[in-house]
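Okay, so here's the structure we're looking at.
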Amino acid sequence: MDRRHFLAGSAAAALARPALAQGGPTEFSFFYPVAVGGAITRVIDSYAGDFARENPGIKVTPVYAGTYQETLVKVLTAHKSGTPPTLSVLLSTDMFTLIDEEAIVPLDGFVKTDADKTWLGDFFPAFMLNSQTAGQTWGLPFQRSTIVLYWNKALFRQAGLDPEKPPATWAEHAAFVERLTKRDAAGNVSQWGTQIPSTGFGYWMLQALAIEAGEVLANQEGDRTFFDKPGVVEALQYWVDLAQKSKVYPPGIVEWGTTPRDFLEGKTAMMWTTTGNLTNIRTNARFDFGVAMLPAGKRRGSPTGGGNFSIAKKATPAQQEAAFRFARWMTQPERAARWSIDTGYVGVSRAAYGTAAMKDYLAGFPAAAVARDQLEFAVAELSTHENQRVTKALGDNIQAVLTGSKAPDRAMRDAQAEAERILRPYR
Amino acid sequence: MKSRLSAAVHGWLLLLPAMALLVAFTHWPAVASLVESFTSTPRPRRPSRFVGVANYEQMLADPVFWQSLVNNLRFALGTIPLAIGLALLMAVWVNDRIPGRTFARMAYFTPTILPMIAVANIWLFFYTPQYGLLEQVTAALGLPSHNWLGSRETALAAVTLVAVWKEAGFFMIFYLAALQGISPTLAEAAALEGASRWTFFRRVQFPLLMPTTLFVLINAVINAFRTVDHIIVMTRGGPDNATSLLLFYVYQVGFNFWDTSYAAALTVVLLVMLAVAALVQYGWLERRVHYR
């Protein structure tokens, strides 16, 4: 199987060069999702335009495909009907699903020259954890992130807290949010201390807390989960206590999509969300804000997150080679730096942080370096076989706890039992 | 003889286009779902095989299926009577000669013109905690804040309300058309007899509207099991499956988990439920609705 993929890759490489040289443009489509605020589609279109000018033999058609979930649905539907987009940006965590469906090819076959190898080796290792398995590379990091804490300095000042000092530990975080929550005499809250969104990426937020409590949620092979470990229950307990015990966090479910808006409106003094929202917040905030690493429990930590480039198996070798060249072009240090500045996502390689553009940017806006610095403490994002199903089992149970219908230990036992049932056939 | 044959051929030729479309996009998929529901989901390394009723056994043991079923029945019980009642009320209201009648009719019909996705996004803003429209109103009245879509108790009611708002205007159009078909002599006769407004409605208008009510009822039942656009936009079935409806769950199993055989089994259950509902409505109700 390894060799077959390798041969397919080499054959693709051998065939692609002449095909590209013989004129007759190679056309392929590129599906990408948008999961953060801001005018991202315009940025992508301008990149595709630049690439077309530099590579007249290749015509790439970028297609905005909705959220990550919707993009995966579209790509897999197209795969089953036989004509998938050659290149797509999909959640790095869906790697096992895509491999099981035989929808993507490993990329090692396209990496030939020493320059190629240097480029591949320069991606941050934390990002490669969700891009490689069993010795093969299946995805190229593109819009990758970690979870960071945003805080509103003006509201910190109002509450009598040092506006330059974000909470560094769970205990501090809990103490700060208590002071940052504003209630009237009847107990109605006009400003919350913090928001940790619980729709869409609830599993991701829990993972951050679990890492900080010293646990990992799944093994690197993606066939075993550890949802019922005491640290995970403790992490969930910390989260739900913010809402139900100290009442410094909105009751019920907090929307992923509206959390940045709540922060911009001053309805919450802090929020936990992806660094991919950084540029959106920077453009729209009418107050001073700061960005910090997540507070530490037993240790610091955050899962990585975000999307990788993947190349479809059902595409012509010439298309695959062209798609690879586009992906490689998109992740060049200058462009990775530009993309990071335009969005807030982490520059995916060390070299991106060596570029002049990035150095200037960081000098004027040091907050942008926080997510990169946090990579030192980062852990692979939860990723298993049948990833969507396993994440739903976990996400549903998190929501059950936050809405008060289950206790944390019971919910995590249920989630673990469901994950066991799903993953047993893959061992 | 020859002309009868050619008439038959003619007839069948006229039926053919619609028939071909129905068979290709309605009948064949239904049969294919039934067949597929008895097989396992094909995976690249594990081809599909016959598994008997295993998918149905899985369904019986699947709490999310049961929750979706119960949610869907509640959703139906909420939307059907409310949407029909409201539609009838609005239709009787704008059927009268009131000032600004055209404007009122248009206003009631507007939700129908909007795509469900747009409607859902508007209501998403209404329900937003803290600064949503609903919150601003309740805060001005001094009532406590509530996370409508984010708590298990209110989420299903909140999405039910959106569906009622969206559907009532549509059903109103049918009632309005039917009301205009009722002869004005009946109203005059009732007025001469000194019948009250309510008696006239109960004894004359409502019975004459029964065929329309049956038609609207059938549509309402179908919609209650078919409308999931707003669920996808507003809650994605959450919190913890509190707003998961059957069709939404079918979509999730089919297109997020790619367990197509299990999704086929769920589809069959949905089809059977709708078929039973249609049989009851056409076979039993229809015989009692006509005013004699």
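The values are calculated or read from the model by the stated rules, or taken from the named source; none is laboratory data. Quantities reported herein were computed from a predicted structural model and do not represent experimental measurements. No Cβ is skipped: glycine too gets one built from the backbone with ideal geometry, and neighbour counts run over all protein chains shown.
The table for this structure:
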{"read-out": "Output for the range A:182-207, where each listed residue is of a type in the set (V, I, T) and modelled with pLDDT of 90 or more", "value": "A:T194, A:I196"}
{"read-out": "Residue satisfying all of: in the range A:373-389; facing chain B (nearest Cβ under 10 Å) and assigned to a helix (DSSP H, G or I); farthest from B:A155 (Cα to Cα) among these", "value": "A:N387"}
{"read-out": "Residue ID - nearest to A:F326 (Cα to Cα), chosen from residues in the range A:46-75 that are in a helix (DSSP H, G or I), of a type in the set (S, T, Y) and away from chain B (no Cβ under 14 Å)", "value": "A:Y47"}
{"read-out": "Residues (within 9 Å of chain A (Cβ to nearest Cβ), surrounded by fewer than 24 Cβ atoms within 10 Å (Cβ to Cβ) and touching a residue at least 60 places away in the same chain (Cβ under 8 Å)) located in the range B:223-240", "value": "none"}
{"read-out": "Those residues of the range A:291-334 which are in contact with a Gly (Cβ under 6 Å, 6 or more places away or on another chain) and surrounded by 24 or more Cβ atoms within 10 Å (Cβ to Cβ), in sequence order", "value": "A:N308, A:S310"}
{"read-out": "Residue in the range B:111-125 that is within 14 Å of chain A (Cβ to nearest Cβ), of a type in the set (A, V, I, L, M) and surrounded by fewer than 18 Cβ atoms within 10 Å (Cβ to Cβ) present", "value": "yes"}
{"read-out": "Close pairs from the range B:141-169: first charged (D, E, K, R), partner in a loop (DSSP other than H, G, I, E, B), Cβ under 7 Å, at least 6 apart", "value": "B:R152/A:T403; B:R152/A:S405; B:R152/B:P239; B:R152/B:D240; B:R152/B:A242"}
{"read-out": "Qualifying residue in the range A:397-410 (condition: away from every other protein chain (no Cβ under 14 Å), of a type in the set (A, V, I, L, M), under 25 Å from A:P295 (Cα atoms) and assigned to a helix (DSSP H, G or I))", "value": "no"}
{"read-out": "Index of the failed condition, B:N55 passing every other in (1) at pLDDT 85 or above; (2) within 14 Å of another protein chain (Cβ to nearest Cβ); (3) over 25 Å from the mean Cα position of the chain (by Cα)", "value": "(2)"}
{"read-out": "Residue identified as more than 18 Å from B:L73 (Cα to Cα), more than 14 Å from chain A (Cβ to nearest Cβ) and without any contact (Cβ under 8 Å) to a residue 24 or more places away in the chain among B:G283, B:G254", "value": "B:G283"}
{"read-out": "Hits in the range A:392-411 (condition: surrounded by fewer than 23 Cβ atoms within 10 Å (Cβ to Cβ) and polar (S, T, N, Q))", "value": "A:S405"}
{"read-out": "Per-region count, the range A:76-112, residues away from every other protein chain (no Cβ under 14 Å) and outside any loop (DSSP other than H, G, I, E, B)", "value": "8"}
{"read-out": "Residue check, B:T110 β-branched (V, I, T), out of contact with any Phe, Trp or Tyr (no Cβ under 8 Å at 6 or more places or on another chain) and closer than 30 Å to B:W198 by Cα", "value": "yes"}
{"read-out": "Only one of A:T343, A:T355 that is touching a helix residue (DSSP H, G or I) at 6+ places or on another chain (Cβ under 6 Å) and touching a residue at least 60 places away in the same chain (Cβ under 8 Å)", "value": "A:T343"}
{"read-out": "Single unsatisfied condition, A:Q195 versus (1) under 28 Å from the mean Cα position of the chain (by Cα); (2) within 30 Å of A:D396 (Cα to Cα); (3) more than 12 Å from chain B (Cβ to nearest Cβ)", "value": "(3)"}
{"read-out": "Flag if A:Q220 is surrounded by fewer than 22 Cβ atoms within 10 Å (Cβ to Cβ), more than 30 Å from A:T133 (Cα to Cα) and either of a type in the set (S, T, N, Q) or touching an Asp or Glu at 6+ places or on another chain (Cβ under 6 Å) (or both)", "value": "no"}
{"read-out": "Any hit, the range B:259-271, residues being part of a loop (DSSP other than H, G, I, E, B), within 14 Å of chain A (Cβ to nearest Cβ) and among the β-branched types (V, I, T)", "value": "no"}
{"read-out": "Residues (surrounded by fewer than 21 Cβ atoms within 10 Å (Cβ to Cβ), out of contact with any helix residue (DSSP H, G or I) (no Cβ under 7 Å at 6 or more places or on another chain) and away from chain B (no Cβ under 14 Å)) located in the range A:235-286", "value": "A:D241, A:K245, A:R282, A:T283, A:R286"}
{"read-out": "Matching residues, the range A:113-129, being part of a loop (DSSP other than H, G, I, E, B) and at pLDDT 90 or above", "value": "A:T113, A:D122, A:F124"}
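To keep it simple, each residue is scored yes or no on (1) without any contact (Cβ under 8 Å) to a residue 60 or more places away in the chain; (2) over 30 Å from B:T260 (Cβ atoms).
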{"site": "A:L107", "(1), (2)": "no, no"}
{"site": "A:K117", "(1), (2)": "yes, yes"}
{"site": "A:F142", "(1), (2)": "no, no"}
{"site": "A:L149", "(1), (2)": "no, yes"}
{"site": "A:A159", "(1), (2)": "no, yes"}
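Per-residue answers, yes or no, for (1) modelled with pLDDT of 90 or more; (2) not basic (K, R):
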| residue | (1), (2) |
| --- | --- |
| B:L16 | yes, yes |
| B:L21 | yes, yes |
| B:A30 | yes, yes |
| B:P47 | no, yes |
| B:D62 | no, yes |
| B:V70 | yes, yes |
| B:R74 | yes, no |
| B:T79 | yes, yes |
| B:A87 | yes, yes |
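Listed here are the residues, each with its yes/no results for (1) under 22 Å from the mean Cα position of the chain (by Cα); (2) more than 12 Å from chain A (Cβ to nearest Cβ); (3) surrounded by fewer than 17 Cβ atoms within 10 Å (Cβ to Cβ).
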{"position": "B:N72", "(1), (2), (3)": "yes, yes, no"}
{"position": "B:L86", "(1), (2), (3)": "yes, yes, no"}
{"position": "B:A107", "(1), (2), (3)": "yes, yes, yes"}
{"position": "B:L133", "(1), (2), (3)": "no, yes, yes"}
{"position": "B:P144", "(1), (2), (3)": "no, no, yes"}
{"position": "B:V159", "(1), (2), (3)": "yes, yes, no"}
{"position": "B:K166", "(1), (2), (3)": "yes, yes, no"}
{"position": "B:F170", "(1), (2), (3)": "yes, yes, no"}
